[in-house]
Every structure is written in structure tokens, then in C-alpha cells.
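J.: Take a look at the following structure, please.
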Amino acid sequence: MKNASEQMQILQILYEIAMSIGSSLDLNQMLKASLSTLLKKLNCSAGGIHLIKEARGRVSFEQVYSIPRNTGRNETYQLALQNLPPILAKKELVNFFQRLPLSGQSDQGNYFHILELPDLGVLIVVKMGQDLDPLIVKSLHPLQKKLAEACKACLTKEALARSERRFRQVVSSISDHVYMTEFTGEGEQINRYIAPNAETLTGYPLEKFRNDWSFWPTTVIHPDDQALAAVQVERFAQGQNSEIEYRLVRANGNIIWVRDSGRVEKDEDQQRWTVYGVVSDITERKQVEQTLKESEKKFRTLAETIGSAIFIYSDQQCLYANPAAEEMTGYSRMELLKMDFWKLVHPDFQEMIKESDLISLHSKKSSSRYEIKFLQKDDQERWGELATRGIDFEGQSAELVTVFDVTKRKQAEEALSMAYQKAVEASRMKTDLLANVSHDLRTPLNAIFGYTEMMQEGVYGPLSGRQQEAIKKIIGSTGQLLNFVNNLLDQAQIDSGQVVLKTLPFAPADLVEGVTSIMGLLARTKGLKLISHIDPALPPTILGDPYWLRQILANLVSNAIKFTEKGQVHINLARLNEVYWSFEVSDTGPGIPPDVQAFIFEPYQQEDTFTSRGSGGSGLGLSIVKHLTELMGGKIDLNSEVGKGTTLTVALLLFSEEETNEE
Amino acid sequence: MSNPLALIIEDDLKLADIFAQALQAADFDTEIIRDGEEARHRLATVSPTVVVLDLHLPSLSGEQLLRQIRAEERFAETRVMIATADPILAEALRPDADLVLVKPISFSQLRDLAKRLRLSGSSM
């Protein structure tokens, strides 16, 4: 049993231990040192450090250190540890240690003292030769407390260090650049910290910034933005938070945009404050903003200069109107913004627009277009092409309405339509006039023909040879005049597109009769025979347009008489087969050379037509004969050989009334 | 025995004369009427064998006369020859006519047609 002064001495030692290790950074080191000193001073042979663990209501402990190193880990000790009951009170722990046999230490009794460091879960177990005096044990309590505090302080330091390490890791792992600057009330600026990210951000080595704190504001910040940055520093100096955006010139000359955001934290005495700043690269965002701005500017410029009126409506409220809208409507932009859209639309078109859902002002339908009349401020009517489309405008659903003034186009269309009507009317009047003229000319021509023919026939007594010659000339000239009159009307009708083919029943015999009446006279006068033959296989009545058929036949016969000086002109109507019938006109004229055949159906020039008429009357021209034939669904063939005459055959589809009736 | 009657309804006197001479050459008696209304009155009392009918007439058109002739049974044997300068109208009336002649009409052609008619008695 040690005396009280000895025990006090122990206490003093313990206290010293606690104090001496209090400043140590490492908790393990501290505990080990304290155990070792304790054993030595108390002249004890063994002791250990145990961590108490509590999990799910169960208390367990683990020996983390022991002196001597091997003793605490002998088999009995380990076995005992493993066989601990599940729930163990601290008192039982003491019992446990007291029962524990320790090899090689038989000369001493098993007295243990356990120092618990509350809240830390640490037990320092010391095996002693004798039990400690309860007084000493009691006086150990403040020591325990001190030691626990020292350990806690140690832990806090460790935690701080860990936190610092973590902070640096975080700082180095983020792309933002972080800095810390201290300001004093006197305006002094002390740069405390600059994160390594400054290197990544700027491309300059970190040393540049650490060696020269003015490097950032004078070299890295874009010259145009340095004044702005200086204002920020001024704000910091006054203890105010500040966030600005400026450009940096990187080491490679590239320019990037950053946001520099600093928060001020004042010390308790308010005499010093620290600015914690974050510098973030916002180049990408700036570029997007810039692109948006440019695009917005581009479209605004477009909208402001374009000739079409542009309106944006949302819930019947006009949000935007461009200058063209002002010009087109006569209203000012302010008036338009306050005005109801429908006031601009001519009443005749409002229903149509509403019904067609053209301006739903809500739907996101694809663009629709309409031609409408709109009203100007002075009630003038204009034509506009209206197009609408649902859009998002400044975050709300809106309707884009564009109006293109098509008044001039409409007027031109109307003028064109009127001009066309006038032209058609003029053309019709011309045809009517020609029809009247040709009708009025036919009657006197008929009288000339009639009396001349009667003279020729000897109705008025015999004629001398010279008189007969004169009569022939009169008949020839009258024939030319007749051709001219006929063609005048036909030509006009064809030119004006007024040829309407009819389907009428007619007798092929009548067709021939009508043509040979005057043509026979002309042929006889020229000393030619005009012979006609009608195929008995041809039905007595067939369907077609007898007027235009007669014009075609008359022209072919007229041409044949014109070019034939001797012999005959033969008209032959035939049934070719079940489907076709034909009429052919052959002559004993000079024939047509192959080079002329090549273009004989080409349209004649107007002058040529007149010339040829003047020199004998070429009829409608073979091009028009061909045109009419094809209009009737038929075809025309030319067969001619120089010296052997010419045959022109018109083949047409055969429709007879009988056949039609049978069907 | 008198010749069959040919009524020539034609407002142009010269043409009417030519037609009359052609028909006379085919042994027809001829009578010339130059007005539509007058022709209607005359047709109430005579039934000609042949009517040479112009379409454009004063007071009553040839078309109306043709319709009247075709409407009356007593004209069943009357042959109507349209003689007109209007080929379009002529074609339209062709179904009601026995013959359509478009002016100018040859003297000899009309004479020969009339002769054929006299010989055949009815059909042309």
C-alpha cells in the first residue's frame, strides 16, 4: 500500500502526462505515450488501450494497443475477449480484467485500474500490483476529464486537418478558381490564398500569381475590363459583396469570360474581413448569350426592315408590331398595341377567318395562309396575304401574324382579267364583224356568179370567143374573191379559238354537192374535169361537223384546181374499214417536190398567206387543214410525185347515225 | 297542163331572179316573194312543189317559215331547199330541210338539181 504522498506523486505524474500530451497532434501517439509513462511511473508491468464500441445497444471493446506488446495478446486474453457476454457493463469489464491471468506475473496481485475517457469510447487499463486508494481514484477524476478534453482537442485538430485536406481536394477538383483575400479597416489588402485552378483557368503558372499579386488585375484581366474589376476591389475594401463578369486574356491570347463572385465575412471585431471569391468560366454561357443576342438582333432588324407587316398577339393582345405594320395600316405602333386585331380585318373576311380557325391565338398549328381584305386607319381597303403561326414569345404562347400587301398584285390581276375579257370580247366582235362582212359579200358574189354563169350557159344568147374568154376571167376572179371571203371568216374563227366542232348527221353526197357547186364552175372555166365518186359502202348519213368538213374539202379541191392546168381533179369518198372513212382529192397537176413536201404542213406566215391568196388563193393553207383534221381526231396524208400529180387523203373516224342508234 | 310551182323566198332580187331562171330552166313555174310575212300569207293559199328558202328575211325569218311548213300536213310533199349565206345556221336547220345550199349557189347546179327533182318526181 503506497502512502498518500506517493499517490499524490502519481497523480502529479498523470497530470503532467496529460498536459504534456495535450498539444500533441496525434491521438494514438498521445494515448500510447500516456500509457507508457503511466506504467513506468506506477511501476506497473502491463496495461492496454481499448476502444469501446457501441452498436445496436451492444457494448463491445477492442484492444488497440498494449504493453508489453505480446502480453496483452496472449491466448487466454484473446479467448476471454471473444467469450465476452453480449452486453457488458463497465463494472463487468473490471471484473473481466481482474480475473484475467497474466503469465509470468505471479508475484503480483491482479489489480486493474481503468481510466475511461468519456465521449471518446477509450479505456486505459492499467494492471497494478495493488489496488489504488479510493481517494486517489476519486482524485483521478479531474485528470480523466482533462485527458479527455486533451484527446477531444486533438481529435478536433485532426478533424480540422482532414477538413483542410478535403477542402484542398475539393478546390483542386473543381474547375472554378478560388481565392481568399483579407482586408483591414485601414484599407490594407492581404491576399491569403489563390487556388491552383488559376493555372488551368488562365494558362499561366501558379507562381506568377503567388509571386506577384498584381499580375491578375493588370495582366490577366482584359484591359477593357480592368476598370470594372477595380471597382469590385473597391467594394470589397468597403466590406461589400460583389459579383461582376469580365474577360480574361489567357496565356495563349484567347479571351474567356468569367464571373467573379466574392462574399465578405467579417471578423468579430469588424475591423478585418475576408473575401471568399470564386471565379467561374462562363465563356460558353456568354457565347450562347451572344449568339442569342445576335440572332435576336438579326431577327429584330429583319422584322424592322421587312416589307411585310408583322404582329405578335397573345390572348387577343398585340405584343409587337413592326414598322411595316404601321405603314401598311396607317396606325402608329402605340395604336396597334392597344387595338383589337379584328378592327384591321374587313368585315367580309372576319367570319371566314374565325371559321377556318386561322387565328386561334392558342394553337400551335402549322402556318396557314389566306388572302383577305384589311382596313387602313382611313378606312381604305387593301388586299393582304395573311399568314399565322403559333410561337413562344417571351415565355408565353403567342400567335405570329404576318400580312403581305398584295393590293398591287390583286389590282394587276384584276386589270389583267379585265384586259383578257376585253381581248376576248374584241376577238369575238372581230369574228362577228367578219361573219357579217362575209355574209354580206356572199350575196352580191352569188349574183355575179349567177349572171356570169347564165351568160356562159347562153341564157342571154350566144357569145363570141372573146366574150367567152372574158366570162372565164370574171368567173376565175370571182372564185378568188369567194375563197378570200370564206377564208377570212374561217381564219378569224380558228385564230380566236372559236372553232367548236359539232356532231351532226349529214349525207356524204351533200358534202360533195356543196363543194362541187362553185368548184365545178371554177374547174370547168379552167378546162378541168371535176369528178366525184362516193363509195356505196359508206352509210347514207354519217356524223361529223359538215361545215368544217366542207371547208377542208373545199380547200383541198380549190388547191388542186389552182395548181392543175390540164386534166382532172378527182374527189373520192370511201369507207376504209369498220373504223375509218376518208375523202381524198387527187389531181393531175405537177406534183410536189420532196423538199417542199417536208414543210407543206408547216404554218404559213401571214404575208405568205396573203401573197398566195393574191396569186390565186391557197385556201386555208394545209397547216390549218391539218389542224382541223386532227381536231376531228383524223389524220391527213400526202402522196405526191413530181410529174404524176398529188393525192391528199383525210381519214376520219366513222360514226354513222344508224350505228349510233343500234347501240 | 301547168308546171309545178317553185316558190322562191329571197329578199335579194338579183339572186331571186337567178334562182327563178334556174328553176324555169328545169320547167318549174316560179313565184318570187321577198318578205317573210308575205311568204307566210302566200303559203296559206298555195302548196308549192319546191320552196327555195333564204333564212335572213324581213319581218319573219326563214327559220320560222321552215318550222311552219314542217308543221303542216299539206306541205308533206313540198321540198324545201335552204339557200343561205349563213353556213352555221344552215347546218343547224339541215335536219328539217331537204337540201341545204350555201351561197354562192351556182346557176347550173340549182338547175341540175331541179331537173333531177322533176325526173324523179319526189326525192332529190
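The values are calculated or read from the model by the stated rules, or taken from the named source; none is laboratory data. Source: prediction; values computed, not measured. No Cβ is skipped: glycine too gets one built from the backbone with ideal geometry, and neighbour counts run over all protein chains shown.
J.: Among the residues of the range A:181-228, write down those that are aliphatic (A, V, I, L, M), surrounded by 15 or more Cβ atoms within 10 Å (Cβ to Cβ) and closer than 21 Å to A:W257 by Cβ.
T.: Of the residues in the range A:181-228, the ones aliphatic (A, V, I, L, M) are A:190, A:194-195, A:198, A:201, A:206, A:220-221, A:227-228.
With surrounded by 15 or more Cβ atoms within 10 Å (Cβ to Cβ) added as a condition, the list becomes A:194-195, A:198, A:201, A:206, A:220-221, A:228.
Matches in the range A:181-228: A:I194, A:A195, A:A198, A:L201, A:V220, A:I221, A:L228.
J.: Which members of the range B:102-112 meet the condition of being more than 7 Å from chain A (Cβ to nearest Cβ) and crowded, with 20+ Cβ neighbours inside 10 Å?
T.: Of the residues in the range B:102-112, the ones more than 7 Å from chain A (Cβ to nearest Cβ) are B:110-112.
Hits for the range B:102-112 are B:L110, B:R111.
J.: Moving on. On the basis of being in a loop (DSSP other than H, G, I, E, B) and within 13 Å of another protein chain (Cβ to nearest Cβ), does A:L501 make the cut?
T.: Working: in a loop (DSSP other than H, G, I, E, B): yes; within 13 Å of another protein chain (Cβ to nearest Cβ): yes.
It is true that A:L501 is in a loop (DSSP other than H, G, I, E, B) and within 13 Å of another protein chain (Cβ to nearest Cβ).
J.: Taking the condition at pLDDT 85 or above, more than 10 Å from chain B (Cβ to nearest Cβ) and surrounded by fewer than 22 Cβ atoms within 10 Å (Cβ to Cβ), does A:P540 pass?
T.: Numbers: at pLDDT 85 or above: yes; more than 10 Å from chain B (Cβ to nearest Cβ): yes; surrounded by fewer than 22 Cβ atoms within 10 Å (Cβ to Cβ): yes.
So A:P540 passes the test.
J.: Something else about it: Can you tell me which residue within the range A:485-526, out of those that are hydroxyl-bearing (S, T, Y) and at pLDDT 75 or above, is farthest from A:A560 (Cα to Cα)? Before you say what the answer is, go through the steps one by one.
T.: Step one: filter the range A:485-526 for residues hydroxyl-bearing (S, T, Y), giving A:496, A:503, A:516-517, A:525.
Remaining after also requiring at pLDDT 75 or above: A:503, A:516-517, A:525.
On the way: A:T503: 28, A:T516: 13, A:S517: 16, A:T525: 14 Å.
The extreme case among them is A:T503.
J.: Sticking with this structure for a sec: Among the numbered criteria (1) in contact with a Gly (Cβ under 9 Å, 6 or more places away or on another chain); (2) free of Cβ contacts under 8 Å to residues at least 24 places away in the same chain; (3) of a type in the set (G, A, S), which single criterion is violated by B:A39?
T.: Here B:A39 meets the rest and fails (2).
J.: Take the residues of the range B:82-99 that are outside any helix (DSSP H, G or I) and facing chain A (nearest Cβ under 7 Å): which is modelled with the lowest pLDDT? Working first, answer last.
T.: Of the residues in the range B:82-99, the ones outside any helix (DSSP H, G or I) are B:82-86, B:97-99.
If we keep only those that are facing chain A (nearest Cβ under 7 Å) too, we end up with B:85-86.
Values: B:A85: 83, B:D86: 80.
That would be B:D86.
J.: Continuing with this model, one more query. Condition (residue is within 14 Å of another protein chain (Cβ to nearest Cβ), more than 15 Å from A:V650 (Cα to Cα), touching a residue at least 60 places away in the same chain (Cβ under 8 Å) and in contact with a Phe, Trp or Tyr (Cβ under 9 Å, 6 or more places away or on another chain)) applied to the range A:510-528: is it met by at least one residue?
T.: yes
J.: Restricting attention to the range A:475-483, does a residue exist that is within 22 Å of A:H570 (Cα to Cα) and facing chain B (nearest Cβ under 9 Å)?
T.: To start, the set of residues in the range A:475-483 that are within 22 Å of A:H570 (Cα to Cα) comprises A:475-476, A:479-480, A:482-483.
Subset that is facing chain B (nearest Cβ under 9 Å): A:482.
Scanning the range A:475-483 turns up at least one residue that is within 22 Å of A:H570 (Cα to Cα) and facing chain B (nearest Cβ under 9 Å).
J.: Then there's this: Condition test on B:I18, is it among the aliphatic types (A, V, I, L, M) and within 14 Å of chain A (Cβ to nearest Cβ)?
T.: Values: among the aliphatic types (A, V, I, L, M): yes; within 14 Å of chain A (Cβ to nearest Cβ): yes.
Answer is yes for this residue.
J.: Just to be sure I understand, how many residues within the range A:160-202 are in a strand (DSSP E or B) and among the polar types (S, T, N, Q)?
T.: Of the range A:160-202, the ones in a strand (DSSP E or B) are A:177-184, A:189-194.
Within this subset, residues satisfying the condition of being among the polar types (S, T, N, Q) are A:181, A:184, A:189, A:191.
Number satisfying all stated conditions: 4.
J.: Further question on the same structure: Filtering the range A:439-465 down to residues that are among the small types (G, A, S) and within 8 Å of chain B (Cβ to nearest Cβ), which residue is nearest to the chain's Cα centre (by Cα)? Give the derivation first.
T.: In the first step, residues of the range A:439-465 are kept if they are among the small types (G, A, S); the result is A:447, A:450, A:458, A:461, A:464-465.
This time we only want the ones that are within 8 Å of chain B (Cβ to nearest Cβ), so: A:447, A:450.
Values: A:A447: 81, A:G450: 83 Å.
Looking at residues that are among the small types (G, A, S) and within 8 Å of chain B (Cβ to nearest Cβ), I get A:A447.
J.: Residue under question is A:S427, and the condition is that it be surrounded by 14 or more Cβ atoms within 10 Å (Cβ to Cβ), more than 12 Å from chain B (Cβ to nearest Cβ) and farther than 30 Å from A:R382 by Cβ; does it hold? Even if it seems obvious, please write down each step before you answer.
T.: Numbers: surrounded by 14 or more Cβ atoms within 10 Å (Cβ to Cβ): yes; more than 12 Å from chain B (Cβ to nearest Cβ): yes; farther than 30 Å from A:R382 by Cβ: yes.
Yes: the conditions hold for A:S427.
J.: Okay, moving on. Looking at the range B:1-12 only, could you name the residues that are out of contact with any strand residue (DSSP E or B) (no Cβ under 8 Å at 6 or more places or on another chain) and in contact (Cβ under 8 Å) with a residue 12 or more places away in the chain? Walk me through how you get there before you give the answer.
T.: We begin by selecting, within the range B:1-12, every residue out of contact with any strand residue (DSSP E or B) (no Cβ under 8 Å at 6 or more places or on another chain); these are B:1, B:11-12.
Listed by number, the residues that qualify are B:D11, B:D12.
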